[in-house]
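All remarks here apply to the structure that follows.
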Amino acid sequence: MNVKLFLLALVLLIGCKPEIHKWHGDNGDGTYTNPVIPADFPDPDVILVDDTYYMVTTTMFVFPGVTVLKSNDLVNWEYCSNAVPRFDYSECYNLEGCSRYGHGQWATSIKYNNGKFYLLFITLDEGGFLCSAHNAEGPWEIAKLPRGFYDPGLFFDDDGKIYVSHGYGKISITELDENFAPLSNDSLVFTGDIRGGLEGMHMYKINGYYYLYGTYGGVNGIQVALRSENVYGPYEQKVVISDSTRGVNFGVHQGALIQTQTGEWWTMLFVDSGPFGRFPSLHPVTWVDDWPVAGINGQGVITFKKPDVGKEHPITKLPTSDEFNGDKLGPQWGWNHNPDSQKWSLKQGKLRLETVKVALRLPEARNTLTQRPFACYDQQIPTTGTTKMEVGNMKDGDIAGLAVFQDPYAFIGVKQENGTRQVIMVNNGETIEKVQLQNVNTIYLRTIASNSNKKALFEYSYNNKDFEQLGNELVMRFSLKVFTGNKFCLFNYATKEPGGYVDFDWFRAEPAKL
């Protein structure tokens, strides 16, 4: 499809105004619009320490990972740290004959106690882990625990005892010792009875009640609270929000309860928002007979007054583009599994990716650099990712370029064979179209991806002005085989032998313009 027609069709389909482009929730007039971050930051847990809010989210097999964000007002967020630079507990994290797609770090619990931050999470294959730091910016220490807890909710009681809530369908509570090892047997405190899949519990003590705050998950998720005067129950259950209205807040669920400095209550949940992933969504909470009720009249809010945190704070924008001029990558980047740190570098304002090992397909390739695409608000204008790539030092069999990665995936890139180079478009492992690369060493690659119609197009240019589409459309999915949103990727892998390299001069992500 012609790219201009592709964009125009989206505008007409959604009835949007193409001059409105926004990637942040703050409207600049005292209100915000959900999602507060229109990108893949799932399973949020949020705490307030002094006057700063901290949110941890799931990154699974992407490292640096276990991303911590910070905010002054629950609406405007910035990167704080990645608690786990790399995860060296299995060769599968190095893509050595196996992978951790759909696995890795899951739903993390964040707490602050006695001057220290804690992050408790599980990996389905390796067990339980605890990260700790005196400052949320790091450095973080990681320790493997004697056992793991599914979707853990860490809790420090006011009598000094430590507990964790955990489970799927059947929710248990376990007391922990000072080393976060089990001090007691698991105590079953509640069995989900609305439907299967009760999970994601976070634990609080408010007005003398213990609360377990979790979800019956899925696309049509239901957020619930369990309540008891005793930590071991019995627990009652109430629905906090069950928004079945198709749209921005359909199935909003799984997250945290937060009280602001001024006494307001809010909840940060997430919504399955299409192929770009699961987006954080902020909703007001009122208390009725000591039960939290989220949203307004049973539905999540879309545009609403910002939380009262005692003062106004400026709009912040999470970074997406990178000129590669610094001595480290921007905080938005993460490697697909652990990188080989000897095979990439930042030199003279460029990102150099050397081939690491022989790989037959992109999902097997080491040192694939990824970041989350952002969706626009309201009109959801497509998102473009563009990069400038220098290919003069490729070897025969090398393939390098720009991808949109999930299952399925697709990319546009350059392949060298018998000393000549071709521009190729590959859709889920199949080469759809290829053309001879002109006698140049520099090429511009672009993808135009729409979270609304779930399609991505791929183009190339020799001057960064006149782009030519190549191949067909990728129909993006959010597959549980991968379990993260589609990612923009910069990559270079060898199909014959390592040794070649490419340089990326820059990568720029922005809302598409007609």
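Computed quantities for the displayed model
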| read-out | value |
| --- | --- |
| Answer from Asn418, Asn439, Asn427, Asn393 - the residue that is more than 23 Å from the chain's Cα centre (by Cα), free of Cβ contacts under 8 Å to residues at least 12 places away in the same chain and more than 29 Å from Val66 (Cα to Cα) | Asn439 |
| For Arg246: the one exception among (1) surrounded by fewer than 21 Cβ atoms within 10 Å (Cβ to Cβ); (2) in contact (Cβ under 8 Å) with a residue 12 or more places away in the chain | (2) |
| Residue among Gly169, Gly218 that is at pLDDT below 95 and within 27 Å of the chain's Cα centre (by Cα) | Gly218 |
| Filter result (part of a strand (DSSP E or B) and surrounded by 13 or more Cβ atoms within 10 Å (Cβ to Cβ)) within the stretch 114-128 | Phe117, Tyr118, Leu119, Leu120, Phe121, Ile122, Thr123, Gly127, Gly128 |
| Strands (runs of 3 or more DSSP E) enclosed by the stretch 172-223 - at least 3 residues per element that are surrounded by 22 or more Cβ atoms within 10 Å (Cβ to Cβ) and not aromatic (Phe, Trp, Tyr) | 198-206, 209-216 |
| Filter pass, Ala143 being of a type in the set (A, V, I, L, M), modelled with pLDDT of 95 or more and exposed (fewer than 13 other Cβ atoms within 10 Å of the Cβ) | yes |
| Residue tally, condition acidic (Asp, Glu), out of contact with any Ser or Thr (no Cβ under 9 Å at 6 or more places or on another chain) and surrounded by fewer than 20 Cβ atoms within 10 Å (Cβ to Cβ), over the stretch 302-351 | 4 |
| Looking only at the stretch 388-402, and only at residues there that are out of contact with any Ser or Thr (no Cβ under 8 Å at 6 or more places or on another chain) and buried (at least 22 other Cβ atoms within 10 Å of the Cβ), the one that is farthest from Phe61 (Cα to Cα) | Met394 |
| Residue within the stretch 384-391 that is modelled with pLDDT of 95 or more, within 30 Å of Tyr89 (Cα to Cα) and outside any loop (DSSP other than H, G, I, E, B) present | no |
| Residue within the stretch 70-82 that is touching a residue at least 60 places away in the same chain (Cβ under 8 Å), among the β-branched types (Val, Ile, Thr) and not in a loop (DSSP other than H, G, I, E, B) present | no |
| Per-region count, the stretch 156-167, residues surrounded by 15 or more Cβ atoms within 10 Å (Cβ to Cβ) and assigned to a loop (DSSP other than H, G, I, E, B) | 1 |
| Candidates Thr33, Thr52, Thr57, filtered to the one that is of a type in the set (Ser, Thr, Tyr) and within 24 Å of Asn336 (Cβ to Cβ) | Thr57 |
| The stretch 474-499 residues that are on the phi > 0 side of the Ramachandran plot, paired with ones that are hydrophobic (A, V, I, L, M, F, W, C) and not in a strand (DSSP E or B) (beta carbon under 9 Å, 6 or more apart) | Phe483/Phe61 |
| The lone exception for Asn367 - which of (1) touching a helix residue (DSSP H, G or I) at 6+ places or on another chain (Cβ under 6 Å); (2) more than 26 Å from Ala494 (Cα to Cα) it fails | (2) |
| Answer from Val301, Val358 - the residue that is modelled with pLDDT of 95 or more, among the β-branched types (Val, Ile, Thr) and more than 29 Å from Glu96 (Cα to Cα) | Val301 |
| Thr355 within 22 Å of Arg421 (Cα to Cα) and touching a residue at least 24 places away in the same chain (Cβ under 8 Å) | yes |
| Hits in the stretch 462-473 (condition: without any contact (Cβ under 8 Å) to a residue 60 or more places away in the chain and not charged (D, E, K, R)) | Tyr462, Asn463, Leu470, Asn472 |
| Selected residue [small (Gly, Ala, Ser) and free of Cβ contacts under 8 Å to residues at least 60 places away in the same chain] from Ala509, Ala456 | Ala456 |
| Residue count, the stretch 101-113 (criterion: outside any strand (DSSP E or B) and surrounded by 21 or more Cβ atoms within 10 Å (Cβ to Cβ)) | 2 |
| Residue check for Glu137: surrounded by fewer than 20 Cβ atoms within 10 Å (Cβ to Cβ), in a loop (DSSP other than H, G, I, E, B) and in contact (Cβ under 8 Å) with a residue 12 or more places away in the chain | yes |
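Every residue, every condition in (1) out of contact with any helix residue (DSSP H, G or I) (no Cβ under 9 Å at 6 or more places or on another chain); (2) among the basic types (Lys, Arg); (3) more than 22 Å from Phe467 (Cβ to Cβ), yes or no:
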site	(1), (2), (3)
Ser341	yes, no, yes
Trp344	yes, no, yes
Pro382	no, no, no
Thr387	yes, no, no
Lys395	yes, yes, yes
Tyr409	no, no, no
Ile412	yes, no, no
Glu417	yes, no, yes
Thr420	yes, no, yes
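The values are calculated or read from the model by the stated rules, or taken from the named source; none is laboratory data. These numbers were taken from a predicted model, which means no experiment stands behind them. All Cβ positions, glycine included, derive from the backbone under ideal geometry; neighbour counts span all protein chains shown.
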